[in-house]
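Colleague: Got a structure for you, written out below as structure tokens; questions coming shortly.
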Amino acid sequence: MATPKPLVKRTNSLERTNNLYESLQEILSSANKQPMSYDSALDENLTYCFKDKNAQDFYLVSQKNMQRLLKAAKQLEIDKYLFKLEQEIYYNVPIDFEDVWCVALKEVKNYKQEPKTLVKNLKKRYPYLFFEIPKIPNSL
């Protein structure tokens, strides 16, 4: 009888994404916040584009819009990761997709890894969740 092996924690794209998200938040928090006088009120729902004397574009985004943008970017990364995980599970021919999906989501919370590695480890730890398909020899 095989005993389940603990998964190894590794740095992956999901952690790198979180680091990028945190670094973007850090950049925004350390931005120059010196008040400048402006004659009229700015609409907080708009994004403004300014050109300097060197024809470089600078964008002025309200804090509310920037937070929505960051939240949407983070949700997009999560959705992308879950889509890759779903594809990898289907690729490995599960007996019952819902069972594998539940176990995979539980493992994702504990060990954030690439979908391919996660499903490979699930297949080792829970072989009864997947069909055993023999490898087809190349010389047919």
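Colleague: Of the GluC sites (Glu not before Pro) in region 73-132, which ones lie in a loop per DSSP and count no more than 12 other C-beta atoms within 10 Å?
Modeller: When the GluC sites (Glu not before Pro) of region 73-132 are filtered for loop state and at most 12 Cβ neighbours within 10 Å, 132 remain.
Colleague: Another question, if that's okay. Trypsin sites (Lys or Arg not before Pro) within region 34-133: which are DSSP loop residues with at most 10 other Cβ atoms inside 10 Å? Intermediate values should be presented prior to the final figure.
Modeller: Numbers: sites: 51, 53, 64, 68, 71, 74, 80, 84, 106, 109, 112, 116, 120, 123, 124, 125; in loops: 53, 112.
When the trypsin sites (Lys or Arg not before Pro) of region 34-133 are filtered for loop state and at most 10 Cβ neighbours within 10 Å, 53 remain.
Colleague: While we're looking at this one, here's another question. Give me the mean projected area, in nm² to one decimal, of the convex hull enclosing the Cα positions of region 43-129. Could the numbers behind the result be given before it?
Modeller: Values: hull surface 34.8 nm².
That works out to 8.7 nm².
Computed from the coordinates by the stated procedures, all read-outs in this text should not be read as laboratory data. Values in this document were obtained by computation on a predicted structure and should not be read as measured data. In this analysis, Cβ positions are derived from the backbone assuming ideal geometry, glycine residues included, and neighbour counts consider all displayed protein chains.
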